[in-house]
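The values are calculated or read from the model by the stated rules, or taken from the named source; none is laboratory data. For clarity, every value in this text was computed on a predicted model and none was experimentally measured. Here Cβ is always computed from backbone atoms with ideal geometry, including for glycine, and neighbour counts include all displayed protein chains. The accessibility values were calculated without ligands, DNA or RNA, using every heavy atom of the protein model including side chains. Shrake-Rupley method; radii C 1.70, N 1.55, O 1.52, S 1.80 Å.
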Amino acid sequence: ALVQFQLTVPVAVVFAPGSVPGDLPRPLPFRDVQEMEIPVNLRTSVMSRYETVYRSTTAQENIALHAATAQEADAALHPLQDALLGSLTIYVVPETSSLLPQGINVYVGKHRSALVRAGRGLATLHSRLQQLTQVMSFTSSSIAAALSDGVPDGQLGPDARRHLKSSLGYEITFSLLNPDPKSHTVDWDIEDAVNRYVQPVLDKLSLVANFSVDSQILYYAVLGVTPRFDKESSSFLLSTHSLPHVINPVEARLGSSAASLYPVLNFLLYVPERSHSPLYIQDKDGAPVSTNAFHSPRWGGIMVYNVETPASPQALFPLHVEVDMVRVMEVFLAQLRLLFGLSREELPTEFLMESPGNEGLADWELDRLLWAHTIENIATVSTTLTSLAQLLDKIGNIVIKDDVASEVVYRAVSSAQSAMAKLAAGHLHSAFQASKEAVTSSERAFFDPSLLHLLYFPDDQKFAIYIPLFLPVAVPILLSLAKIVRETRQCKKEPTKMD
């Protein structure tokens, strides 16, 4: 079945005094709609629709735009904006404005707004607005990544399959690996680090999914690869091609994913044993990786934390090591952003992007995630229900009970339809909530206990099980029947004797 998405983005383009282009087609305020088709595949069509209101600034917005810096203006404008998830507010300032630094024409804020220089005319302004809406809402590549299961590999960018699949929850595990406790006693204040650096990010992401965080220390857990000794630097090296082999032996020790309902993200801090210290990770060109860490798509990341070896041979072992959690958490949070597809793309030099601070992601980045996950959820529901229908066609003795049909299947379909209608109306938050309900219902339908036991006993399996039991009993019965038939025929042939 063809799935047709319409993604509507409400946009407000607000002109400050002195920034209105002379060749504007109509007097302010006015509305305009721009539609663009995003190519995905034969079964899915995606239409992006930008519903734009062009207007002048209000008195309060004017005061906010007289701030000294773009950051201050962004903070002052935030309470004046539409707080609707998925919406964008773009403030157009005069070309000569000193609010933006020299050489910067577009400033992307922490919330759902941006500042743009007006340019010399409407054409320049339009191209800047188009670039900006692509950055702050969704692009054809982010939509293709969300629908990656149904898109041919050739059409996907290199990062498309790196992102975590949409899920109702995620489990995050921080593990400290100490393979050599005889040499190192390692302390890390993981609880404080999670509260200070990870929790603000998870609070922001709580709209997307539920998160649980735990930590563990594993002793004598070694990497599955022996590093190569480099004489020049008198250090040990792990090359890029050996990194995939590091994960499997370590994962066997983690033991967290086996009992988990949700995807598990693993962040490992590895303190190398004394015989392999210092240990550095090389990139594909042979240069050392600055963070001394690497990440594995949809799995997590590993950071190697080197300990300085004491110069004096009389040093007492085990050495006490206090981990610098600021340095470690910087790396792990960057890897967390990568896993959620929040890595910032290459932008034109005239763009300036505000850092999200300790929240870890800007409001518009959260929206990008919600756009992608809503679409992925609806596509998942479509696939799950199609698979269930095909299963029912193939296995005739499976019957969906009325309560499962009405409570679960119909609810999944209506929630998915509701999500698509809300996407088309520009209500991103309620669309995402409806898509989550649709996923929950479709999964319940597919794994309903009343279907499962029938699923594992189709007719051909029943014959395979029962024939060996009934055949030994049936043979003497069949032979007796044959004998009776023969005797009956003989009786009919023999003429009756008359006395």
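Annotations
- Condition check for Ser260: at pLDDT below 85, over 17 Å from Leu338 (Cα atoms) and either open to solvent by 60 Å² or more (accessible area, probe 1.4 Å) or of a type in the set (A, V, I, L, M) (or both): no
- Only residues that are over 19 Å from Leu7 (Cβ atoms) and within 16 Å of the chain's Cα centre (by Cα) were counted across the range 346-368, and they come to 2.
- Some residue of the range 53-63 being open to solvent by 80 Å² or more (accessible area, probe 1.4 Å) and in a loop (DSSP other than H, G, I, E, B): no
- Only a single item in (1) within 27 Å of Val326 (Cα to Cα); (2) open to solvent by 40 Å² or more (accessible area, probe 1.4 Å); (3) at pLDDT below 85; (4) of a type in the set (Gly, Ala, Ser) is not met by Ser234, and it is number (1).
Okay, residues lined up against (1) open to solvent by less than 10 Å² (accessible area, probe 1.4 Å); (2) within 24 Å of the chain's Cα centre (by Cα); (3) at pLDDT 90 or above:
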site	(1), (2), (3)
Ala12	no, no, yes
Arg26	no, no, no
Val33	no, no, yes
Pro39	no, yes, no
Glu72	no, no, yes
Asp82	no, no, no
Val93	yes, no, yes
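- Among the residues making up the range 95-128, those that are more than 16 Å from Thr349 (Cβ to Cβ), over 27 Å from the mean Cα position of the chain (by Cα) and surrounded by 20 or more Cβ atoms within 10 Å (Cβ to Cβ) are Leu99, Leu115, Ala118, Leu125.
- Residues in the range 41-54 that are modelled with pLDDT of 80 or more and either closer than 15 Å to Thr133 by Cα or among the hydrophobic types (A, V, I, L, M, F, W, C) (or both): Val46, Met47, Ser48, Arg49, Tyr50, Glu51, Thr52, Val53, Tyr54.
- Of the residues making up the range 410-420, not a single one is within 27 Å of Ser140 (Cβ to Cβ), of a type in the set (D, E, K, R) and assigned to a helix (DSSP H, G or I).
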